[in-house]
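Just below is one structure, and these are the notes that go with it.
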Amino acid sequence: MTTDTTVLISGAGIAGPSLAHWLRRFGFVPTVVEQAPGLRDSGGAVDFRGAQVEVLRRMDILAAVQAQQTAMGAQVVIDGDGEPLVNLPSAFFSGEVEIERGDLARILYDLTRDTTEYVFGDSITSLAETTDGVDVTFRHGAPRTFDLVVGADGMHSAVRRLAFGDESRFRQDMGYCFAGFTAPNHLGLDHSGVIYNVPGRGALVSSSRDSSRAGVGFVFAAPESPYARHDQAEQKRIVADAFAGAGWRTDALVELMHDAEDLYFDSLSQIHLDSWSRGRVVLLGDAAWCAGPGGSGTGLAMIGAYVLAGELAAAPGDHRLAFARYEERLRPGAELGQKQAKGAGPFLAPPTERKIRRRNRFYKLLSSRLLAGAFNRLTAGAANSVPVPDYPEPVALVAS
Ligand SMILES: Cc1cc2nc3c(=O)[nH]c(=O)nc-3n(C[C@H](O)[C@H](O)[C@H](O)COP(=O)(O)OP(=O)(O)OC[C@H]3O[C@@H](n4cnc5c(N)ncnc54)[C@H](O)[C@@H]3O)c2cc1C
């Protein structure tokens with residue numbers, strides 16, 4: 001069993017804290033550096049199926065996740081007058097267990113905060129590999145040396161940029177953007193959601209556990225990927241422009257967005273790399289294989305964290321072998337997720353009226369019992385595409 005190997009993890013989203021948990025359990029010493037000043041506990045619903053649920057169980061957080069699950073009911077596709085067009089059973093979107101991303105992020109942080117060093121408000125500025133470690137400099141903190149470095153810092157990973165090269169070499173934009181935020185539940189939704197489309201635009205509103213709040217998602221075609229990553233006012237302007245004159249209650253939703261403090265805005269893009277590791281540096285989660293909506297990003301990030309830590313424990317002192325085995329196990333599932341998510345933009349916001357009608361007909365077909373079974377088998381197959389292996393017995397956790 002590896003004992004005192006130090007591992008720097010960039011990113012305290014979903015993948016980072018999951019990895020910190022497993023590294024501690026296998027006897028490593030993780031440090032997490034997160035550029036945000038505190039935990040980013042926002043985001044829409046994320047769901048788990050099959051092997052992904054097994055990882056929650058092995059982390060001993062399944063009960064906590066179930067206690068906070070959304071228990072979402074049906075979602076309804078509506079027309080411009082708010083009249084229902086198609087009813088979608090919860091199984092389409094909500095998997096075996098569904099939770100809001102922010103609640104999951106909080107569970108993972110609480111699970112690890114006493115046994116892992118967390119550094120908020122900082123980020124890595126350089127990585128220099130030596131024969132037996134990686135020398136790391138930070139925007140604010142003093143330089144330090146770690147045995148290994150993991151980039152779990154999302155689609156715009158700084159670790160990937162520093163160790164592998166510019167993001168533009170690996171990012172494939174799908175021609176759509178997504179904006180998500182929390183708003184008062186002004187539609188009075190109760191464990192339910194509505195989906196509204198005009199060509200190239202989609203608004204999704206839902207409310208579950210907290211009936212005073214609703215999650216709002218805007219998806220829209222944006223061929224130039226006009227994201228302004230660090231300028232929230234500009235992001236809100238881009239969304240407001242995209243939804244000007246879109247009908248139904250989108251004007252009111254745009255007004256609510258202007259008051260939102262938790263806006264999450266990004267292009268729908270994928271990350272494709274030939275290899276996820278370089279020497280002592282390895283990537284995990286969206287940093288390595290971001291797929292976009294429908295690509296099992298959260299479940300795969302958590303399975304990936306377990307497998308990465310497990311392979312490191314199974315190959316003491318041989319990170320090259322561990323990284324190779326980790327990638328071998330994860331890549332088929334990551335590629336399947338990317339394949340499934342490839343058409344997410346035009347599916348969520350079809351570009352023409354005809355394509356909206358065609359998508360709605362597809363939804364109707366899926367609602368029939370026969371096809372619902374086939375759909376569930378398909379999604380379960382994807383969720384189980386990365387089996388959850390057994391590793392050396394984890395050690396008991398002691399607060400550091
Ligand atoms: C606030 C937020 C809201 C989200 N909402 C949704 C949603 O509604 N729907 C959806 O499908 N997906 C959403 N996602 C993405 C989703 O969480 C991931 O696709 C998936 O869970 C994989 O997780 P990850 O840990 O790899 O990436 P993420 O969850 O994106 O976590 C990456 C973390 O790294 C941090 N980070 C970024 N750059 C640096 C840096 N240079 N140094 C240090 N830390 C850095 C980020 O602040 C973040 O905390 C959201 C992500 C975030 C951060």
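Where in the chain lies the longest segment free of GluC sites (Glu not before Pro) that are both loop residues by DSSP (not H, G, I, E, B) and have at most 14 other Cβ atoms within 10 Å?
Here the longest segment lacking exposed loop sites spans 1-223.
Dipole size in debye (nearest 20) for the chain around its Cα centre, Lys and Arg Cβ +1, Asp and Glu Cβ -1?
It works out to roughly 1260 debye.
Need the list of aspartates and glutamates near Lys236 for cross-linking: C-alpha distance under 17 angstrom, and skip anything on the same chain fewer than eight residues off.
Glu224, Asp251, Glu255, Asp259, Glu261, Asp262, Asp266
Counting only DSSP beta bridges with both residues in the chain, what percent are antiparallel, rounded to the nearest 5?
The antiparallel fraction comes to roughly 70 percent.
Work from the charge dipole of the chain (Cβ charges, +1 for Lys and Arg, -1 for Asp and Glu, about the Cα centre) and give the residue of Ile99, Val198, Val32 farthest towards its positive end.
About the Cα centre, the residue reaching furthest to the positive side is Val198.
Give me P(r) over the chain, computed from all C-alpha to C-alpha distances, binned every 20 Å, as integer percentages.
28, 58, 15, 0
Would you list, by chain and number, the aspartates and glutamates whose Cα falls below 17 Å from the Cα of Lys364, excluding same-chain residues fewer than 8 positions away?
The reachable aspartates and glutamates, counting only those whose Cα sits under 17 Å from Lys364, are Asp79, Glu83, Glu353.
Under a 5 Å amide H to amide H cut-off, with H placed in plane at 1.01 Å, what residues pair with Ile9 once short-range neighbours are removed?
Here the answer is Thr31, Val32, Val33, Val150, since their amide H atoms fall under 5 Å of that of Ile9.
Only the coordinates and a few stated rules stand behind these numbers; no lab work does. In this text, all values refer to a predicted model and were calculated from it rather than measured experimentally. Backbone-built Cβ (ideal geometry, glycine too); neighbour counts: all protein chains shown.
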